Amino acid sequence: MKVKTSVVLLGTIILAVSLLLIPSNVSAAPNTSEIITVTPINDKISLEKTSSTMSIPENKALVWGMVKGEPSDYVERYPVIIQFFKGEEPVHVAQVKVKGDGSYEYKFKIRNVEQNTGKITDIFQGKYTVKIFKVIHNK
């Protein structure tokens with residue numbers, strides 16, 4: 001039973017870390033550089049930290065990106081914290097409510113287009129490390 005639960009949890013974590021960015025040429029897919037750590041808080045709950053990379057090319061077409069987590073085991077009343085780093089520098093932090101099924105979604109602008117002048121300002125461009133923190137039940 002523990003092996004099945006671990007496999008399901010691992011699959012859920014991989015899906016949760018699959019950062020979906022629009023358009024399709026902007027990606028942060030799970031890969032060998034993905035790191036998942038679980039740190040016990042007490043005998044009932046732990047902090048799960050997932051680190052992955054996100055790459056946003058220079059020639060992106062749309063202005064929005066998204067971090068999305070699939071339904072999973074979580075502890076109620078604890079939000080998901082998402083941190084974006086460019087190198088070692090933190091550039092953006094978000095706190096997201098978890099839905100009743102354990103999923104979450106965070107949309108953010110990667111490019112700003114000023115409506116009056118048409119001036120384009122890139123907010124995110126290049127490679128980033130994304131860290132996702134979630135409180136989970138101990139198994």
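FYI, it's all coordinate maths here, none of it is from the lab. As the structure is a prediction and not an experimental result, all values here were calculated from the model. Glycine also receives a Cβ, built like all others from the backbone with ideal geometry; neighbour counts cover every protein chain displayed.
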Notebook entry, point to check: So between SER51 and ASN116, what do we pick up on full extension, going 0.36 nm a residue minus the alpha carbon distance?
Noted result: 19.6 nm
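Determine, from the Cβ-Cβ distance of ASN59 and THR39 and an R0 of 25 Å, the FRET efficiency 1/(1 + (r/R0)^6), rounded to the nearest 0.05. Don't jump to the answer; show the numbers that get you there.
Working: r = 39 Å, r/R0 = 1.57.
Computed FRET efficiency for ASN59 and THR39 comes out at 0.05.
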Notebook entry, point to check: Which entries in the list LYS60/LYS99; LYS60/LYS119; LYS97/LYS119; LYS44/LYS107; LYS60/LYS86; LYS49/LYS107 go over 27 Å, if you measure between the two C-alpha atoms of each?
Noted result: LYS60/LYS99; LYS97/LYS119; LYS44/LYS107
Margin query: What do you get for GluC sites (Glu not before Pro) in region 77-134 restricted to DSSP loop and a cutoff of at most 16 other Cβ within 10 Å of the site's Cβ?
Written below: GLU88, GLU114
Note to self: Amide H of ILE41 versus every other amide H placed in the peptide plane: which residues, excluding those fewer than 5 positions away on the same chain, fall under 5 Å?
What the structure shows: SER46, LEU47
